[in-house]
Amino acid sequence: MNSRHTDSHVLNRRAFTKAALLAGAAVASDAAAALAESPKRIRTGVIGCGSVSHSYLPVLAQCPYVELVSLCDIRPERARNQAERFKVAHHYPHIEAMLAGEPFDFLVDLTDMQEHEHLNRQALVAGKHVWSEKPIANSLQAGQELLRLAAEKKLRLWGAPITVQSPQFAFMARTLAQGALGRVAAAHAHYGHEGPNWSPFFYEKGGGSMPDLMVYNLTTLTGLLGPVKHVAAMLSIVTPERDLTGKGRIKVTEEDNAMVLLDHGRGVISHVQSGFNYFNPHGHDGSGERQHTVTIVGSGGFLGLVGYDWAPQGVDLATQKQPQMKRHATDAEGYIWQQGAALAAECLVTGRELLVTPEQALHVLEIITAARKSQETGQRIALTSAFRWPMAR
């Protein structure tokens, strides 16, 4: 944590997260107004007012570092409805009108994943800092170009997910750094459900279960075990056609079932699986999951993340010295997956740096593209990207 960042900021962050979850649409209350007071607030525009915005906007509206000034959506009624709900003065039907309209400094991109790359580029060219839902680009090369553009213009670029920001990730990282597991050997992670039924983009080119679901586990495991050297994968389409609400029957062209092997070097191998054909008794939300979804084993111990890494419940640890499984890090400490843009705004205002980096986001993107190449060729694929590791907080 940045030495300039005091405990009051931590408490503030917990407060606005809690308020956002409780307040919902009641963002104009006196309590919310008092919470939003800050020496400086960054003028923020949000593009994409669909399903994900219902999770992001309450947090942004309560964030003491954010001033929401404009919303944008290609379906103007969605932007208008969210603007009315969250008391945002300006709304626009496309990014050109947004960039030419009410001035702002920070763009939050919540659009379909295929649109992120060109929208993020337009925002950077226009001089805006960017927080993007995953992925930040459609290829490693395009993502690297976005990073170069941001650096040239002295702008910041971040991408979801933020699993490395959770206290559960921090506990696992510390445990590994302390050598409590002995010689680390292997890890496994999984995330899946029966598939979204509200939009075709999940199943079209640029979509798939890996950039939508596996991206969380890939971020967590690379954060814990380090950048990946080689990838081998098997991908498939289990359900070739889908019936979507309001869209009818569509053809699935991207993987809805994925098994990926990762070589982290030093003998460490991990395996990640994801899919849109996984029955989950907790439903699409999955926040009620209480089983281990990320596990790491070594010569002297075992770590198991309870619940999904985007909504973790705690960490179970057993070692040779203490073989009885014990649960740790059960306090979320204000962490929620939808607070990434708010944390980025705090970074812009206060200088507090995040563990989330665009370099790691690009590395995860390269893993996904390498997995697809491995499926096409039957080969093990070498990776070229990396990021600063180990991570420490």
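Rule-based calculations on the coordinates, nothing more; no lab input. Computed from a prediction, not measured in an experiment: that's the story for all the values here. Cβ sites come from the backbone with ideal geometry, for glycine too, and all protein chains shown count toward neighbours.
So, R0 is 35 Å and r is the distance between the beta-carbons of Ser299 and Thr330; what FRET efficiency does that work out to, to 0.05? Here the calculated transfer efficiency is 0.85. Spin-label model, Gln320/Leu244: points 7 Å from Cα along the beta carbon direction are separated by 5.3 nm. Here the Karplus curve 6.51 cos²θ - 1.76 cosθ + 1.60, taken at θ = phi - 60°, turns the phi angles of the range 326-336 into couplings of 10, 8, 10, 6, 8, 8, 5, 6, x, 6, 9 Hz, with x standing for Gly and Pro.
One decimal place: the segment Lys87-Ala126 gains 11.5 nm when fully extended, by the rule 0.36 nm per residue minus the C-alpha distance.
Need the C-alpha centroid separation for the range 298-321 versus the range 333-393, integer Å. So the separation of the two Cα centres works out to 21 Å.
For the modelled label position 7 Å from the Cα of Val52 along Cα-to-Cβ, which residues of the range 338-355 have backbone nitrogen atoms closer than 20 Å? Taking a point 7 Å out along Cα→Cβ of Val52, the residues of the range 338-355 whose backbone N falls under 20 Å are 338-348, 354-355.
With R₀ set to 51 Å, the beta-carbon distance separating Glu77 from Ala185 gives a calculated FRET efficiency near 0.45. Here the spin labels are modelled as points 7 Å beyond Cα on the Cα-Cβ line, and at Glu376 and His118 they lie 2.1 nm apart.
Computed about its Cα centre, the charge dipole of the range 147-202 is approximately 380 debye, with only Lys, Arg, Asp and Glu carrying charge at their Cβ.
Of the peptides 144-152, 373-381, 168-176, the order by per-residue mean of other Cβ atoms within 10 Å, starting with the highest, comes out as 168-176, 144-152, 373-381. The calculated P(r) of the chain, using every Cα pair and 10 Å bins from 0, goes 5, 23, 33, 27, 11, 2, 0 in percent.
How long is the gain from Ala100 to Glu145 if the chain were fully straight, where each residue apart is worth 0.36 nm and the alpha carbon distance is subtracted?
13.8 nm
Distance check, please: which entries in Lys154/Lys373; Lys40/Lys87; Lys229/Lys373 exceed 22 angstrom between their Cα atoms? Too far apart for the 22 Å limit: Lys154/Lys373.
Summarising the amide proton neighbourhood of Tyr308: residues at separation of 5 or more, or on other chains, whose placed amide H is nearer than 5 Å comprise Glu289. Taking the average, over residues, of other Cβ atoms within 10 Å as the packing measure, peptides 81-88, 272-279, 207-214 rank 207-214, 272-279, 81-88 from highest down.
The ranking of Glu67, Glu77 from fewest to most other beta carbons within 10 Å of each one's beta carbon is Glu77, Glu67. Charges were assigned to the Cβ only: +1 to each Lys and Arg, -1 to each Asp and Glu. The resulting dipole of the chain about its Cα centre is roughly 960 debye.
Listed by Cβ neighbour count within 10 Å, with the fewest neighbours leading, Ile47, Ile269, Ile42 appear as Ile269, Ile42, Ile47.
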